[in-house]
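Undergrad: First the structure, then my questions, so here it is.
Nothing in this text is a laboratory measurement; each read-out follows from the coordinates by a stated rule. This structure is a prediction, so every number in the text was calculated from the model and none was measured. We place every Cβ from the backbone using ideal geometry, glycine too, and count neighbours over all the protein chains shown.
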Amino acid sequence: MLLPILLLSAAGFTVLTTEFIIVGLLPAIARDLDVSVPQAGLLVTLFAFTVAAFGPFLTAYCARFERKRLFVSVLVMFGLANTLAALAPNIGVMALARLVPALGLPVFWALASETAVGIVGPAYAGRAIAKIGFGIVCATVFGIPVGTLISDAFGWRSAFALLAVIAFAKALLLLVYLPRTDLHKQQVSLRDQFKILREPLMQGHVLLSILVFSGMFTAYTYLADILERLAGFDGTLVGWCLMGFGAVGLIGNSLGGRMVDRHPLIASMVFCFFMIGGMVALVPSIHSTLGLAAAMGIWGVTQAALFLVSHVRLMKAAPHAPAFAASLNIAGANLGIGLGAMVGGRVIDTLGLGSLGFAAAGFILLSILLALGLMRLKPAQACA
């Protein structure tokens, strides 16, 4: 039972690295393709908003297909897209190379989560998805920094080329070792899946994900800038700080997987509460080594935990259509990522970097209040 989940975790590492690796490569891509950095940055926006716009619909449609064949196909598609990115002669082709995997990411993540839960049973959903989430956390801890180092040494195209090879290798592993499942035969109709969008509780859960991720990325998008300009760190030290931020996320991933199985909404509120503390304390403790490490550690743990908790929370809120519910969380999360980055940029322009933590905390506080409201909307045991 463990091997299929580990294989899906390894594939998840490749999928999420494909999404986020571009963040560290933007300056090099902009120079090589003769565009400005903000223009190259639109590639990030394109990816996030494509996931948000099409993810739920594609997941609902693809849920009918046999999982092994579907996952292998998605990994092959990622390999081809990364190959195209490595060869892209201009920004238009590069945009196409980013659009294709953006269509596959929500399908893989939502249906891989459902497959993992189907293997272990709903009572252990959080822990099963935490194992898949381990690959995702590793993508932020190792995949992105290593990709940036490869880009610095051999050029940004080499990073995408290596990622393409890894995607093809993971596809082969899934083809050989992933067992076939019958989950696709148990799927409810498209019409029944879309019915959950009318439920006030489900609407509230999606809004909760949007608020949580808006709060996260209002500040996290500009964390490197905070460390450079306010703490005075050089690029190397910032890189190590970001790697540490991601590394403590392994703790959050484990804690979140256990707490969300007991009560998703309470887990959301607990991690949101501590996240506010970490975000607000960051700038005041910026010149204290221990204080800064503590603030970043708390923030890093809670951020990784909320990635997982939000995902499982939506799946548990719609047990009759868990994959579609997971895709709604992915869509809400990506919408929040885009909104958070925009709000954070506006805050910097008007109030300065030092106010980012408070602006982000405002979103997270609204998340806690909404979670309290959702608990009143429906008995707690119905969400667990």
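Undergrad: Tabulate in residue order the Karplus-calculated ³J(HN,Hα) for segment 70-85, using 6.51 cos²θ - 1.76 cosθ + 1.60 with θ = phi - 60°, rounded to whole Hz; enter x for Gly and Pro.
TA: So the Karplus estimates, Gly and Pro as x, are 5, 5, 4, 4, 5, 5, 5, 4, 5, x, 5, 5, 5, 5, 4, 4 Hz.
Undergrad: Please give the length that would be gained between Ala294 and Met243 if that part of the chain were fully extended, namely 0.36 nm times their separation in residues minus their C-alpha to C-alpha distance (nm, one decimal).
TA: In short, 16.9 nm is gained.
Undergrad: Taking a virtual spin label 7 Å from the Cα of Gln39 along the C-beta vector, which residues in segment 137-166 bring their backbone nitrogen under 13 Å of it?
TA: Of the residues in segment 137-166, none has backbone N under 13 Å from the label point off Gln39.
Undergrad: Next question, about the same structure. Would you mind classifying the chain by shape? Square roots of the alpha carbon gyration tensor eigenvalues, ordered a ≥ b ≥ c; an a/c under 1.5 is rounded, otherwise it is prolate if a/b is larger than b/c and oblate if not.
TA: oblate
Undergrad: With r as the distance between the Cβ atoms of Phe49 and Arg198 and R0 = 25 Å, compute the FRET efficiency 1/(1 + (r/R0)^6) and round to 0.05.
TA: 0.55
Undergrad: If you don't mind, another one. Tell me, what HN-Hα J-couplings in whole Hz come from the Karplus equation 6.51 cos²θ - 1.76 cosθ + 1.60 at θ = phi - 60° for each residue of segment 352-357, using x for Gly and Pro?
TA: Whole-Hz 3J(HN,Hα) from phi for segment 352-357: x, 4, x, 9, 4, x.
Undergrad: As a test of the formula, what do you get for the chain when each DSSP H run with n ≥ 4 contributes -39,500 (n - 2.57) and the sum is divided by the residue count, at 222 nm and rounded to the nearest 500 deg cm²/dmol?
TA: After summing the helix terms and dividing by the residues of the chain, the value is -28000 deg cm²/dmol.
Undergrad: Something else now. Lysine pairs in the chain 8 or more apart or on different chains: how many have alpha carbons under 24 angstrom apart?
TA: Summing the qualifying lysine pairs gives 11.
Undergrad: Can you tell me how much longer the chain between Leu149 and Glu66 gets when fully stretched, taken as 0.36 nm per residue apart minus their C-alpha distance, in nm with one decimal?
TA: Working it through step by step, the gained length comes to 26.1 nm.
Undergrad: Sorted by packing (mean other beta-carbon atoms within 10 Å per residue), highest first, where do 90-97, 77-84, 110-117, 249-256 land?
TA: Output ranking for 90-97, 77-84, 110-117, 249-256: 110-117, 249-256, 77-84, 90-97.
Undergrad: Can you work out ³J(HN,Hα) from phi for every residue in segment 226-231, in order, using Karplus 6.51 cos²θ - 1.76 cosθ + 1.60 and θ = phi - 60°, giving whole Hz and x for Gly and Pro?
TA: Karplus values, whole Hz, x for Gly and Pro: 4, 5, 6, 7, 8, 8.
Undergrad: A follow-up question, please. Positive end of the dipole of the chain, charges at C-beta (+1 Lys, Arg; -1 Asp, Glu), about the Cα centre: which of Val23, Pro56, Pro89 has its Cα farthest in that direction?
TA: It is Pro56.
Undergrad: Which of rounded, prolate, oblate describes segment 248-384, given a ≥ b ≥ c as roots of the alpha-carbon gyration tensor eigenvalues and a/c under 1.5 marking rounded, otherwise prolate only if a/b is larger than b/c?
TA: Taking the square roots of the gyration eigenvalues as a ≥ b ≥ c, segment 248-384 is prolate.
Undergrad: Report the gain in length on full extension from Thr236 to Leu3: 0.36 nm times residue separation, minus Cα-Cα distance, nm rounded to one decimal.
TA: 80.2 nm
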